[in-house]
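Working notes for the structure below.
The values are calculated or read from the model by the stated rules, or taken from the named source; none is laboratory data. Please read these numbers as outputs of a predicted model, since none were measured by experiment. Positions of Cβ are backbone-derived with ideal geometry, glycine not excepted, and every protein chain shown enters the neighbour counts. With ligands, DNA and RNA removed, areas are computed over all heavy atoms of the protein, side chains included. Shrake-Rupley method; radii C 1.70, N 1.55, O 1.52, S 1.80 Å.
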Amino acid sequence: MEKTLYQIFKTFFKVGTLLLGGGYVILPLLQCELVEKKNWIDENELCEYYALGQSVPGIIAANTAIFVGYKLKKTSGAVAATLGITLPAFIAIIIIAKLIEEIIGLKFMQSIFWGVGIGVVLLIFLAVKEMWKKSIVDKFTCGVFFTIFILSACFKAPPAALIILSIFIGLWIEYQKKLEHGENKE
């Protein structure tokens, strides 16, 4: 079959429309279209391009399309294949975004989101309650909690810094316990 830029684009567009579930789904689709139907590349080449597509940063499907397109028609083939494979997802995202924009404006959906928000708050509360039972076990840990809470709430200390500070406090407590047990054994 002829390898025009249009044919390359159309073939990869077709694969892109069927591509659901990530990069691992692309291999049998490309096998069917490029190797069996069009005979543009052989099975070994496809596996090599797929392996290369996984090895470089980026989307596996787009990377594989670049390598195959380049093999077929150099740079213009790579561009046509990449546009073909990515355009269906781009169009789907635009359509879904428009639909979501319309749906969110409905009063019914706002009520659903309000209910979901309440549910999320409840789940967070339950998680905090469980963590509290396991973490705040004595006066010292209660003091550490309130110190970290005040640093966060009143002084707007960065959460990552507070977590790291808490880790070091926990390590220090554990070290102190080991020292005490070590002294008592002698």
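If you average the sequence gap of Cα pairs under 8 Å that are 6 or more apart and divide by the length of the chain, what percent do you get for the contact order?
For the chain, the relative contact order is 18 percent.
Mean separation of Cα pairs under 8 Å and 6+ residues apart, divided by the residue count of the stretch 43-136: what relative contact order is that in percent?
13
With just the Cα atoms defining each centre, how far is the stretch 1-80 from the stretch 130-159? Give it in Å.
Between the Cα centre of the stretch 1-80 and that of the stretch 130-159, the gap is 54 Å.
Enter the accessible area per residue of the chain (Å², integer; probe 1.4 Å; all protein chains in place).
Heavy-atom accessible area per residue stands at 71 Å².
If I model a spin label at I150 and L18 as a point 7 Å from the Cα along the Cα→Cβ vector, what separation in nanometres do I get?
6.6
Within the accessible area of the chain, what % is carbon and sulfur when the probe is 1.4 Å and the other protein chains stay in place?
Taking all protein chains in place, the chain shows 71 percent carbon and sulfur surface.
Based on Cα positions only, what radius of gyration and what Dmax would you give for the stretch 107-160, in angstroms?
Cα radius of gyration and Dmax of the stretch 107-160 are 15.8, 49 Å respectively.
Please compute the Kirkwood hydrodynamic radius of the chain from all pairs of different C-alpha atoms, in Å with one decimal.
22.1
As a quick test, which of the pairs K14/K71; K10/K98; K37/K74; K139/K178; K3/K98 have an alpha carbon distance above 29 angstrom in this structure?
K3/K98, as the Cα separations exceed 29 Å there.
Any chance you could tell me what percent of the C-alpha pair distances in the stretch 82-186 go past 18 Å? If you can, show how the numbers build up before the last one.
On the way: 3968 of 5460 pairs.
Beyond 18 Å sits 73 percent of the P(r) for the stretch 82-186.
For the stretch 2-50, what class follows from the C-alpha gyration tensor (a ≥ b ≥ c being the square roots of its eigenvalues): rounded when a/c is under 1.5, otherwise prolate if a/b is larger than b/c, else oblate?
Taking the square roots of the gyration eigenvalues as a ≥ b ≥ c, the stretch 2-50 is oblate.
FRET efficiency for K178 and A97, Cβ-Cβ distance as r, R0 = 45 Å, nearest 0.05?
Calculated transfer efficiency: 0.20.
With charges set only on the Cβ (+1 for Lys and Arg, -1 for Asp and Glu), what does the dipole of the chain come to about its Cα centre, in debye to the nearest 20?
Computed charge dipole of the chain: roughly 440 debye.
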